[in-house]
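Heads up, the thing below is written out as structure tokens.
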Amino acid sequence: MVMAKCQTASFNFRSSCFFLVFLSVFSSIPLLYWSYSIGYGYCHHQVENKEILLVEPINLLKFPKAWNQLVFSSKQLPPQRLLKIALFVKKWPEKHQAGGMERHALTLYLDLAKRGHDIHIFTTSSSSANIPSIMSNIQFHISRSIGSGYLNQVVAWNQFLEENATKAFDVIHTESVGLKLTTSNNYLNNLAVSWHGIAYETIHSDIIQELVRNPQDPSQLMTDGKMMKVVEEVKFFQYYAHHVATSDHVGDVLKRIYMIPEERVHIILNGVDEEIFKPDASKGNDFLLKLGIDQDKSRSSIILGLSGRLVKDKGHPLMFEALQQIFNENSTFKDNVIVLIAGNGPWGDRYKELGSNLMVLGPLERDQLANFYNAIDIFVHPTLRAQGLDQTPLEAFLTGKPVMATKVASYTGSVIVNEEMGYTFSPTVKELKKVLYKVWEEGKKNMQTKGGFARERGLKLFSATKMAAAYERLFLCISSTHDDGKQEKKHEHYCIYKIHQEID
């Protein structure tokens with residue numbers, strides 16, 4: 001209601017609206033620390049031993065928590081039913097040049113293809129290097145991009161209709177607005193959208209970046225435009241039948257702020273390939289040796305790791321300033337800390353100014369990235385963007401490394417839920433320095449202990465197997481729906497989680 005009024009209100013009133021949104025963004029964060037006891041009469045959760053005792057079957061479409069908690073069919077067992085699935089994604093990954101959304105699509109659909117499903121990908125580019133030769137059940141439908149690399153909606157939709165005429169798709173899935181619906185005439189009961197960042201989150205991101213802005217730099221806070229983008233999203237999001245939130249926080253926002261009925265919002269946390277990202281100390285040591293870091297040096301040093309795009313909104317000015325100040329004020333810290341940075345971007349050259357114990361490695365392939373994680377003691381993720389759930393902290397978790405990350409809702413609510421597995425910090429140089437000093441003082445042994453807890457949580461929630469099993473079950477559930485919204489009786493059990501199953 002506040003956002004709608006802001007559309008026509010005066011400047012002063014808009015300022016009031018902005019203040020209310022500011023409060024709304026930050027007041028929602030404490031809600032993310034809520035207990036993992038599950039209500040709605042479905043089950044009872046004992047937090048101490050992490051067991052959930054079901055007292056009656058669960059209607060999955062109304063399940064309020066992450067589906068990753070649930071145990072679906074085993075990876076070794078074939079699917080209960082093979083599906084023909086259409087995926088709309090604006091770009092397919094090209095080797096290491098891929099954002100989180102593209103990597104999510106790659107990980108998910110390789111797994112679903114291995115399960116035997118018939119996959120059709122509508123996108124602007126494809127890399128055969130990312131598709132194993134045995135994947136004959138993945139077919140690409142390529143069109144030229146328009147605008148800022150977006151999928152040509154008319155061409156892609158016509159390609160879809162042509163393929164759909166040969167045999168109807170069971171499920172349609174779009175990564176964010178790969179397929180953008182702008183009218184209720186396009187409403188499809190078997191369509192699901194996964195959100196990897198929504199406009200409401202950008203307001204929080206803008207607030208963070210404004211707070212850490214150098215006073216000499218111009219303000220880039222454009223609240224009115226962001227407000228109207230939220231209003232626009234609230235309107236057209238209603239045209240998607242099912243919404244997949246990639247974090248607990250986004251699930252809450254979609255239900256409370258975007259007012260989407262709870263039975264149409266499903267939380268499925270991002271997952272990464274556990275066969276690639278896993279502990280292997282020997283590969284970590286080999287990685288360090290190739291960089292000229294011998295075992296004596298690595299054993300006596302705390303090794304910090306960062307990866308991804310080395311740009312401003314990923315928090316690299318913040319990290320640069322914190323390290324620069326610490327190096328200037330504490331030579332012992334500087335001599336006993338090594339910083340490895342995997343990625344590229346404008347801040348890569350700046351980091352090199354800090355000295356020889358900081359190494360910028362450039363972008364790495366997934367196998368190399370796994371070796372990188374095995375080489376470090378803790379992963380640092382200083383992002384200033386509150387959108388989505390980045391995959392790099394999840395990769396570190398699966399590799400058995402603790403994470404220190406900016407205190408934004410997606411991480412505090414879904415990933416680093418306590419200090420057993422890492423640290424969170426407010427996005428200021430002062431607070432980041434405190435945590436860096438704390439990591440250094442606690443030492444490698446404590447990092448290894450925290451890494452064990454991180455690995456345990458990662459396997460329970462953030463593996464590709466967990467993610468793909470949850471999506472497969474969602475797709476089975478929504479594919480059993482007729483145009484009139486009534487489920488076929490022979491398939492209605494896909495939307496019910498039976499009492500004899502268990503939850504992690």
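A few notes on this one:
- Dipole magnitude (debye, nearest 20) for region 367-477, charges at Cβ of Lys, Arg, Asp, Glu: 200 debye
- Region 281-462 shape via C-alpha gyration tensor axes, a/c threshold 1.5: rounded
- Probe 1.4 Å - accessible area at D252, Å² to nearest ten: 30 Å²
- Average accessible surface for region 281-462: 38 Å² per residue, computed with a 1.4 Å probe over protein heavy atoms with every protein chain in place.
- Peptide packing: for 156-168, 363-375, the average count of neighbouring Cβ atoms within 10 Å per residue gives the ranking 363-375, 156-168, highest mean first.
- Anchor K226: aspartates and glutamates whose Cα lies under 12 Å away (excluding residues fewer than 8 positions away in-chain): E201, D206
- Set of lysines near K438 by C-alpha distance (under 25 Å), chain-local residues within fewer than 8 positions excluded: K297, K312, K314, K334, K352, K401, K407, K430, K450
- Electrostatic dipole magnitude of region 281-462 [Cβ: Lys, Arg +1; Asp, Glu -1; Cα centre; debye, to 20]: 220 debye
- Each of the peptides 442-453, 380-391 was scored by the mean count of other Cβ atoms within 10 Å over its residues; in descending order, highest first, they stand as 380-391, 442-453.
- By average C-beta atoms within 10 angstrom, highest first, the peptides 472-480, 354-362, 337-345: 472-480, 337-345, 354-362
- Segment K312-K75, length gained on full extension (0.36 nm per residue, minus Cα span): 81.3 nm
- Carbon/sulfur fraction of accessible area - region 281-462, other protein chains in place, 1.4 Å, %: 46 percent
- Per-residue surface analysis assigns L151 an accessible area of about 10 Å², computed on protein heavy atoms at 1.4 Å probe radius.
- Spatial offset of region 327-369 relative to region 134-195 amounts to 41 Å, using the alpha carbon center of each.
- In the full protein context, region 176-252 carries 40 Å² of accessible surface per residue, based on a 1.4 Å probe and ignoring ligands, DNA and RNA.
- Straight-line cross-link reach from K90 at under 17 Å between alpha-carbon atoms covers these lysines, not counting any fewer than eight positions away in the same chain: K180.
The values are calculated or read from the model by the stated rules, or taken from the named source; none is laboratory data. Worth saying up front: this structure is predicted, and the values here are computed from it rather than measured. Every residue, glycine among them, receives a Cβ derived from its backbone with ideal geometry; neighbour counts consider all protein chains shown. Accessible surface is based on the protein model in full, side chains and every heavy atom, while ligands, DNA and RNA are left aside. Shrake-Rupley method; radii C 1.70, N 1.55, O 1.52, S 1.80 Å.
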